[in-house]
1. Which members of the range 70-125 meet the condition of being open to solvent by less than 40 Å² (accessible area, probe 1.4 Å) and among the polar types (S, T, N, Q)?
2. Any residue that is surrounded by fewer than 23 Cβ atoms within 10 Å (Cβ to Cβ), in a helix (DSSP H, G or I) and out of contact with any helix residue (DSSP H, G or I) (no Cβ under 8 Å at 6 or more places or on another chain) - is there at least one of those in the range 294-306?
3. Please determine, by comparing only the residues of the range 178-199 that are surrounded by fewer than 22 Cβ atoms within 10 Å (Cβ to Cβ) and of a type in the set (A, V, I, L, M), which one is nearest to ILE241 (Cα to Cα).
4. How many residues are at pLDDT 95 or above and either hydrophobic (A, V, I, L, M, F, W, C) or part of a loop (DSSP other than H, G, I, E, B) (or both) if we restrict to the range 369-391?
5. Tell me yes or no: at least one residue of the range 39-52 is on the phi > 0 side of the Ramachandran plot and either in a loop (DSSP other than H, G, I, E, B) or under 23 Å from the mean Cα position of the chain (by Cα) (or both).
6. If you take the residues of the range 396-425 that are closer than 20 Å to GLN437 by Cβ and of a type in the set (Phe, Trp, Tyr), which of them is farthest from the chain's Cα centre (by Cα)?
7. Quick one: is PHE206 in contact with a Phe, Trp or Tyr (Cβ under 7 Å, 6 or more places away or on another chain) and surrounded by fewer than 24 Cβ atoms within 10 Å (Cβ to Cβ)?
Amino acid sequence: ISDSQRSGPVADLICPFLLLALCIFASEDFDWTKNKMGSFQYGTFPSGFSWGAGSSAYQTEGAWDKDGKGKSIWDVFSHKRGKIHLNDTGDCSCEGYHKIKDDIALMKDMKLNHYLFSISWPRILPSGIKNDYINEKGIEHYDNLINMLLENRITPIVTLYHWDLPQVLEEKYGGWQNASMVNFFNDFANLCFERFGNRVKYWITFNNPWSVAVEGYETGEHAPGLKMRGTGAYNAAHNIIKAHAKVWHTYDAQWRNKQKGMVGISLSADWGEPVDITNQRDIEAAERYVQFYLGWFATPLFHGDYPQIMKDYIGRKSAQQGLSSSRLPTFSPHEKSYVRGTCDFLGISHITTRYITQKNFPSNHANSYFTDRDLAELVDPQWPDPGSEWLYSVPWGFRRLLSFVKTQYGDPVIYVTGNGVSEKMMCTELCDDWRMQYLRDYINEMLKAVKDGVNVKGYTAWSLLDKFEWDEGYSERFGLYYVDFGSKNKPRYPKASVQYYKRIISSNGFPNQREVGLQ
């Protein structure tokens, strides 16, 4: 997204339209014309609500070539000069591979109920292919991590794919462009169910497949760095959706009765708010934004096919470009029924919000995922931007998104699998007031959503530690714990937000101070 799309004074664009009629739109119950931006609400979450923190293998483990691990696409991509800020790599990162005990001690001190982490596919299958070779040292590492979490009464929530595809599969087959990934990924997942499933009850197939598809195969900002504009992202997403469904069916048929676990997916979604909630075109553009982001993956898994709006827009633009078929792949009738209903829970990762307005891109414009949507993204200059250039604190968008998920997808069980904020100044005093404010405001909006009847069962602060932030290297810090990357041992130091988050966990939300007699 260009900078011009990211910014612009929204106030100038809001026209004083009269609300002549209620806008009736595609969402069954979601009302785009009402945005309740209320004040802070006291209250607590239902008993049994699960509080946690998250990480991913490539971002934290380091040990990129230790104990028989194969190369991932991120190992290769980050070693290419000019791809990552300051040419940083995840080679060492937080040395999390060697510091399981230390990190679990941090989690125990916070009294976390769960820890969300990912398994590195090339660490246990160096070539990506089960029949080639299983790396038992890699299996042993995750065995130790899972066992130690359980000993400390912390529930493991395990992601099978957080972007680190084995490099061999990219080189030999073209990675997620190739439908053969479906079976390779299923074999890997099946091995994980076989080895770890007696102890792991919450499985996430993919973390943020939107980024895998768009940034890996459309813009090239992420590994494997391909720029297949207008087709690459859609093909990758199509194979990812089929891979997710196959893994769900494998678990359902072979493991569910024995292991009694659940298989879901973690989808990232910024909220898109109409610039003017009385303007039908803005409402339709905002709905398109959310459907092209969240709906792209969620709608097939809950309803069996892509959102109609995606099919219409991409199909029409493909025809205008003289193509004989849509650039958006199609599911056969069998595939539709196969992918539908393959989510035991929906993971939602949410960070920020955009204002959305209609913007027409002519059909002779170079086709891309971004121009297919016919919209512009804007930000309000008054929104606080505590960290990354793209990350604005807009708490009310979180409640809106959760409400949308409830109405669109039949009230699914939701786990918030990532929510947090980065900082742009060096926090030498560990003084992250903006993170405490962000957590307070976003968790409070989640509480309001729960009171609205949204079925949220758990919350994962993103992230436990400062870590490698993909193409941004180590320039952005999302951690509750500060990591000194300049020191060989990568020591961890608690930021002020650790104590703040601990207090939310121990109170299970925000009990009224008068009721509990807190100071």
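The values are calculated or read from the model by the stated rules, or taken from the named source; none is laboratory data. From a predicted model like this one, the values you see are computed outputs, not experimental measurements. Positions of Cβ are backbone-derived with ideal geometry, glycine not excepted, and every protein chain shown enters the neighbour counts. Accessible surface is based on the protein model in full, side chains and every heavy atom, while ligands, DNA and RNA are left aside. Shrake-Rupley method; radii C 1.70, N 1.55, O 1.52, S 1.80 Å.
1. Once the filter is applied, which keeps residues that are open to solvent by less than 40 Å² (accessible area, probe 1.4 Å) and among the polar types (S, T, N, Q), the range 70-125 yields SER72, SER78, THR89, SER93, SER118, SER120.
2. Yes, there is a match, as at least one residue in the range 294-306 is surrounded by fewer than 23 Cβ atoms within 10 Å (Cβ to Cβ), in a helix (DSSP H, G or I) and out of contact with any helix residue (DSSP H, G or I) (no Cβ under 8 Å at 6 or more places or on another chain).
3. Looking at the filtered set, the residue picked out is VAL182.
4. 5
5. yes
6. TRP396
7. Values: in contact with a Phe, Trp or Tyr (Cβ under 7 Å, 6 or more places away or on another chain): yes; surrounded by fewer than 24 Cβ atoms within 10 Å (Cβ to Cβ): no.
Against the criterion (in contact with a Phe, Trp or Tyr (Cβ under 7 Å, 6 or more places away or on another chain) and surrounded by fewer than 24 Cβ atoms within 10 Å (Cβ to Cβ)), PHE206 does not qualify.
Residues are listed down the side, and each one gets a yes or a no for (1) within 30 Å of ILE73 (Cα to Cα); (2) open to solvent by less than 40 Å² (accessible area, probe 1.4 Å); (3) touching a residue at least 24 places away in the same chain (Cβ under 8 Å); (4) of a type in the set (Ser, Thr, Tyr):
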{"position": "ASP432", "(1), (2), (3), (4)": "no, yes, yes, no"}
{"position": "TYR442", "(1), (2), (3), (4)": "no, yes, yes, yes"}
{"position": "LYS451", "(1), (2), (3), (4)": "no, no, yes, no"}
{"position": "SER463", "(1), (2), (3), (4)": "yes, yes, yes, yes"}
{"position": "ASP466", "(1), (2), (3), (4)": "yes, yes, yes, no"}
{"position": "GLY473", "(1), (2), (3), (4)": "yes, yes, yes, no"}
{"position": "TYR493", "(1), (2), (3), (4)": "no, no, yes, yes"}
